[in-house]
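The block underneath contains the structure these notes are about, expressed in C-alpha cells.
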Amino acid sequence: MHVKKLAGYALFAALTAIFSQIAIPMPGLVPINLATLSVFLAGGLLGPVGGLISQAVYLCLGLVGIPMFSMFRSGVGTLLGPTGGYIIGYLLAALLCGLLVQKLGDSFLKSALSMAVGLAACYALGTAWYCFSTHTQLLPALMACVVPFLLGDAAKIALGSFVLRRLRKNISF
C-alpha cells in the first residue's frame, strides 16, 4: 500500500474527528457539527474505497475509546446510542460520494449531487437508528434530526463542492 494512500486515510480520519468537535449542541440529541464536510471530502478525494477506509479508521478509533465523536465522546455506547446511526452513516456517505464523484465527475453541480446523495444515505441510516433506539415515530424523528440541519448541510455541500474541485486539481492520493 502506498504511503500517500495511508496518509490520506489517516488525514481524513483525523479531520473528521476535528470537525466533529466543531459543534453546536442542539436541544435534541443530535448536535450540529462539521463532520459531514470531512466525510464528503474523504469520498471525493480518496475515492469510494479510500473514503470508506478513512471513516472506518475514524469509527474504530472512537470505538476503542479515543474521543473522536462529537462532544469528545467515544465507545460502543455512543454507537449504540441515538446518534450512532449517523456516525455509522459516515461510512456509507463517504462510499457513495466517492463512487458518484468517480462516475459523474467533480464539477461543482455533480459533486454537490454526489454529496447530497451521500448525506441522504447518512440521514436515512441515522434516522432509522434514532427511531429504533429512542422508540420515536418517523415524522418526529425527521423534525428533530433532519429538518434543523438541512440549511447547514446545504452550506457544507456547497463549500465541499468548491473545495473538492480545487483540491482534486492539486492533490492526488
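Every number in this text was worked out from the coordinates using simple rules, so none of it is lab data. Source: prediction; values computed, not measured. Because the Cβ atoms are built from the backbone with ideal geometry, glycine has one as well, and the counts that use them run over all protein chains shown.
Convex hull of alpha carbon positions in the chain: directionally averaged projected area 9.1 nm². A straight Cα-to-Cα reach below 20 Å connects Lys4 with the lysines Lys169, residues fewer than 8 places away in its own chain not being considered.
The shape of segment 32-78 comes out oblate: with a ≥ b ≥ c from the C-alpha gyration tensor, a/c is at least 1.5 while a/b does not beat b/c. Here the 3J(HN,Hα) profile of segment 134-140, calculated from phi with Karplus coefficients 6.51, -1.76 and 1.60 at θ = phi - 60°, is 10, 6, 9, 6, 4, 4, x Hz, Gly and Pro shown as x. 3J(HN,Hα) couplings calculated from phi for segment 9-23 with the Karplus curve 6.51 cos²θ - 1.76 cosθ + 1.60 (θ = phi - 60°) are, in sequence order, 4, 5, 4, 6, 5, 5, 5, 5, 5, 5, 5, 5, 7, 7, 9 Hz; Gly and Pro show x.
Taking a ≥ b ≥ c as the square roots of the eigenvalues of the Cα gyration tensor, an a/c ratio of 1.5 or more together with a/b no larger than b/c marks segment 53-93 as oblate. Projected label points at Lys169 and Leu63, each 7 Å from Cα along the beta carbon direction, are separated by 4.0 nanometres. Estimated at 0.36 nm per residue, the fully extended path between Ala10 and Leu80 surpasses their Cα-Cα distance by 22.8 nm. For segment 97-173, with equal point scatterers placed on the C-alpha atoms only and solvent neglected, what are the log10 I(q)/I(0) values from the Debye formula at q = 0.21 1/Å, to two decimals? Listed by q, the Debye log ratios stand at -0.88.
Result for the chain in a Gaussian network model with C-alpha springs under 10 Å: among Ala93, Ala155, Ala141, the largest mean-square fluctuation is at Ala155. Between helix 35-63 and the chain there is an angle of about 50 degrees, using the helix long axis and the longest principal axis of the Cα atoms.
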